[in-house]
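Read-outs throughout are calculated quantities, based only on the coordinates presented, and are distinct from any laboratory measurement. Predicted model only: the values in this text are computed from it and were never measured. Here Cβ is always computed from backbone atoms with ideal geometry, including for glycine, and neighbour counts include all displayed protein chains.
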Amino acid sequence: MRFAPLLLLSTALFAQIPTPESVLGHKVGEDFYLASYDESLGYFQKLAASTDKLKLVKVGKTTQGRDWYIAIISSPKNLADFEKYRETARRLALVRGLNDAEAHALAHTGKVIVHIDGGLHATEVAGAQHTIQLAYNLVSGTTPEINHILDNVILLLWFCINPDGQNMVAHWYKQNLGTEFEVSNMPGLWQEYIGHDNNRDGYMNNMVESQVITKAELEYYPQVFYNHHQTAPFPARIWIPPFGDPISADAHPLMWRWVNKFGTSMAAYLDEHGMPGSMHRGRFDDWYPGFVDHVNNFRNTISFLTETALYRYATPHFYTIEDFPRDKQDLRTEVFYSSPWKGGWWRLGDAVQTMLLASMGVLDTAANYREDIEYTRYQAGKETIERFKKDPPYAYVIPHDQRDLPTAETLVQKLLIDGIEVHAASDRFTANGSTYAAGSWVVLMDQPFAALVKELFDVQKYPEFHSTGAPIAAAEGGGRGGGGGRGAAPASPAAPAPGAAAAGGRGGGRGAAGTGAAAPASLTQLPYDVTGWTLPMQMGVEVVAVSQPVADDTRKLLRKIDKLDSAPGKVEGSGPVFAFSHNSNAALKAVNDILDAGGSVSFDKSGSTIYATGRVAPILQKDSVDAKSLGETPAAAWPVKKPRVGIYEPWSGNIDEGWTRWIFEQFHFAFTRLRNPDVQAGHLRDQFDSIVIAEQGARQIMDGMQPGSVPGEYAGGIGESGADALRQFVTQGGTLITLGNASLFAIEQFNLPVTNAVAGLRPDQFFCSGTLLKTEIRDPNHPIVAGMPLDPTVMFERNVAFDTKPTFRGTILSSYPRDRNPLRSGYLLGPEHLQGKAAALDAAYGNGHVILIGFRTQWRAQSHGTYKFLFNAVYYNASMAPEPPAASGGRGGRGGRGGANSPEAQWKTQAEALKTELTALHSQNRAYFTARGPRAEDEGKKLESMLDAFQRDRIPQLDDLRAQVEDQAAARREITYSTQLKKLAADLRTKDFSTTSLEDLLDQYKLAVIP
Ligand SMILES: [Zn+2]
């Protein structure tokens, strides 16, 4: 009895630290349970109240306005001295004012600050669950290992870096649990605007979440940054650095050395703790600097991610060796995969356990090398400063005199958010022999984070790895990309089981038999994300690299700026008309504001001036638009109305659609989001002037998500009735704007006499995945290119270029140069396939217009330089259109309608031929689905290649013939037939028709009778 009080006391102390289960009602990683962000926060609050080893800090708000917290975890003593350690980390990161001895002394007494987060891709669910357990383990643990970590490390634990998404996905899963849709894709985007692209916004910081993370990086100065993801390359259980090549050229080499060291230590830690299946290198390269982790390497923070295996949500799955890719079925050990996983159950709890060990491996390594890591940040910063004192570029000048000054100001603001030192010149100065006006900005490169500036401003030269004869790595689909950067596909949480078609993979090639996509002959590794992003080119901002050291008397003219508020517009005179340039994007924001305020606006017919009347001066000032007063609006101007804009929003979660919404909000374009039923209901012209369809595949627009794969209301696309409604909309005078690959939808469904010039080319003939290209404006007076420079740089990401047929009515707005390679930054294979081809078109249709923009006009809200293609198109209407030239060719020359050689007759002959070919395809489908063992793979490959040829070459030939058919009713019937043909071809890849007769199949797909 005497001992009772003591026992009670110690029990009470332990009882004070709540287990996750005691608060959540579930164990972390339990099957079929996902904690939401709100639940997670609830637990962390209780945990914080129970201990002096953890405190919660509010770091900001999310896009949806949620309060956002992180946990700081360390020993009580370290937490009490947190400000001191943060100051030490800051001084080491910023370098200046320290010599090596002082830096060593600081590193000796400092603590290593480590960022670990639970991830930002919300369907990669285990990350945000594991942080709950990690916090509990660290706070309640008393082992020597944990004590060593808490004494040496200050952990910034972000329990999730996409709180909104964590809530959305947890809610979706809970709602479908136990139904046939338990593992179905969540409709829409799990970040308000950009879904999976939230890991592509690292340097641009467009999203609120990116800004919060970057701000914390610059307030807490972590030396290590670890970001959790799922999915690993199957059957690995976790992918861990070292990364695959190529890696960015500009990060300090010590970053890579330490990333590799952390990676191999983590894998060893996992093996030591009985968790096999770690894999390194392979397809995860580290070329694009916009990843939330990687951007920090350029600020000398050792930064990396891992990809743990994922089935779907919290639902377990059993894998056998037969599920493995054939080359992994022998379970052989490899240098970068030394403890192969042998299959079996994979549960959320396994993924959580893997992540816990990986995080502990990082903390253990950080604690063991604390002083070295702290000093490394100083050393990398110091050597960066020294490097740019010796080598060019010594500085970059952003002249104040720009064709679009507010966008140049945006670029400067982006640099400041990224922690880059920027100066403004108080007087005119000379650099590279040129004189620049006062107010110009200068980025001196002798600063610790200069590598980031070079990475963003330089031209990218993607390395051409010459083939070693080794297997070619396919970069499409899965993992870090999910959508492979294509934007169209949601990050699918699907297991990378054999036979899973790559989401959004273009043009097939990865169908049922799981064959890899062909790679360019000269590349052994396809780029994981884009290859070129040079910001000044994308934004259309002039930036000059300074190739001579910056003289002291020039430096004296420079004032460091901490923030930049856009300069108010200078408005001269008192009206009644104000004239301003169409050159800035801000001018169009002002147009929207003026129209909203009841003012009137018109666009110059043959120049780039905008005229406005009304109480517009304050608006122009606020929107940073300079204007001059005029007595009256010149006669040669188009009156502009406030456009009624619709944006098509598919349920599949279209990233580019989200970016478009975000940009429209920034520039004050009002819009309505159109779902499938809204489009299908028709009468669109009564409600809208312009409708935008963002980057996505034609088939996705028509068919959407497969019925049966998601609850009924989310299945399907706009279908025939939707396409009909859009045709009617344009016929009645509406403007349809299709972006990127969505242009193929317009070509197909509107029977436009236009073809995709790069259709059917193999990746070893033409490859352009995220590359900046030069284009030329063809008709500078066309309203859609008003305010554009004559040679805009465009982002091309596996997109389309156009050939127009003789019957084309409309205008070629811009094209790729005919006589030279259009490449400006990144990688382009087969430039000749683009040269001379149209990049953007205005196609007349009925009384309206279809605007086809073949490239990525507003890519990730980075390509400000080409926003105007989209903005101008939104205002564009039939009254502004140049008189379309009469169709040349066509009529008469080919023997006239109905004759034996008429386009209609030719189409019928071709359709008969294709129908005959279906016999062979059907029998190959039977051969594949009835084969077993290795033969199945051979038959599958054969089926693949037959279908590739059929879909890529044969059906387009049929469509080409149709495009010349003049009878619109006949053409409509032919479109329907062709659409059915495409459906059957696609289904022949994945569906087993071995027991269906060809006759039944033709009936079922309405292909029996050729119209
Ligand atoms: Zn991810």
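A few comments on the model shown:
- In order along the stretch 564-579, phi translates into HN-Hα couplings of 10, 8, 4, 5, x, x, 8, 10, 9, x, 10, x, x, 10, 10, 10 Hz, rounded to whole numbers, per the Karplus curve 6.51 cos²θ - 1.76 cosθ + 1.60 with θ = phi - 60° and x for Gly and Pro.
- Distance in nm between pseudo-label sites at Arg818 and Thr919 (7 Å out along the Cβ direction from Cα): 4.6 nm
- Whether the stretch 240-289 is rounded, prolate or oblate, judged on the alpha carbon gyration tensor where a/c under 1.5 counts as rounded: oblate
- Computed from backbone phi with θ = phi - 60° and the Karplus coefficients 6.51, -1.76 and 1.60, the 3J(HN,Hα) list for the stretch 365-379 is 5, 4, 5, 5, 10, 2, 5, 4, 5, 4, 5, 4, 5, 5, 4 Hz; x is used for glycine and proline.
- Summarising the strand pairing of the chain, around 65 percent of its internal DSSP beta bridges are antiparallel.
- Contact order normalised by residue count of the stretch 252-409, Cα under 8 Å, 6+ apart, percent: 30 percent
- When Rg and Dmax are taken over the Cα atoms of the stretch 704-764, they come to 14.7, 43 Å.
- Charge sum, other residues only, whose C-beta stays under 14 Å from Leu177's C-beta, Lys/Arg counted +1 and Asp/Glu -1: -2
- Set of the stretch 350-384 residues, backbone N closer than 19 Å to the point 7 Å along the Cα-Cβ line of Glu272: 353-373
- Dipole magnitude of the chain, debye to nearest 20 (Cβ charges: Lys/Arg +1, Asp/Glu -1, about Cα centre): 640 debye
- The largest-to-smallest principal axis extents of the Cα set in the stretch 371-415 are 48, 22, 8 Å.
- Taking amide H as placed 1.01 Å from N in the peptide plane, the amide H of Ile737 sits under 5 Å from that of Ile691, Val692, Ile693, Ile851, each at least 5 places away or on another chain.
- For Ala431, the residues 5 or more places off, or on other chains, whose built amide H falls under 5 Å of its own are Tyr436.
- Three-way shape label, the stretch 173-275, alpha-carbon gyration tensor, a/c 1.5: oblate
- Gain upon complete extension [Ser547, Glu776; 0.36 nm per residue less C-alpha separation]: 79.5 nm
- Hull-based mean projected area of the stretch 10-167, where the convex hull spans the alpha carbons, in square nanometres: 10.9 nm²
- At 1.306 mPa s and 10 °C, Stokes diffusion of the chain via Kirkwood alpha-carbon radius, µm² per second: 52 µm²/s
- Close amide-amide hydrogen proximity is noted between Val546 and Tyr394, Ala395, Tyr396, Val397, each under 5 Å apart and 5 or more residues distant or on a separate chain (H modeled in the peptide plane; Pro and chain starts excluded).
- Over the stretch 743-852, relative contact order from alpha-carbon pairs under 8 Å, at least 6 apart, %: 32 percent
- Using C-alpha pairs under 8 Å with a sequence gap of at least 6, the mean separation divided by the residue count of the chain gives a relative contact order of 9 percent.
- What the phi angles of the stretch 333-339 give under the Karplus curve with 6.51, -1.76 and 1.60, with θ = phi - 60°, is a coupling list of 7, 10, 4, 9, 7, 8, 10 Hz, glycine and proline written as x.
- With a cut-off of 17 Å on the backbone N, the residues of the stretch 121-137 near the modelled label site 7 Å out from Arg66 along Cα-Cβ are 121-133.
- Summed side-chain charge close to Ala126 - residues other than Ala126 whose Cβ falls under 13 Å, Lys, Arg +1, Asp, Glu -1: -3
- MRE, 222 nm, helices only [DSSP H, n ≥ 4, -39500 (n - 2.57), over the chain, to nearest 500]: -11000 deg cm²/dmol
- Prolate/oblate/rounded label for the stretch 594-676 (Cα gyration tensor, a/c 1.5): prolate
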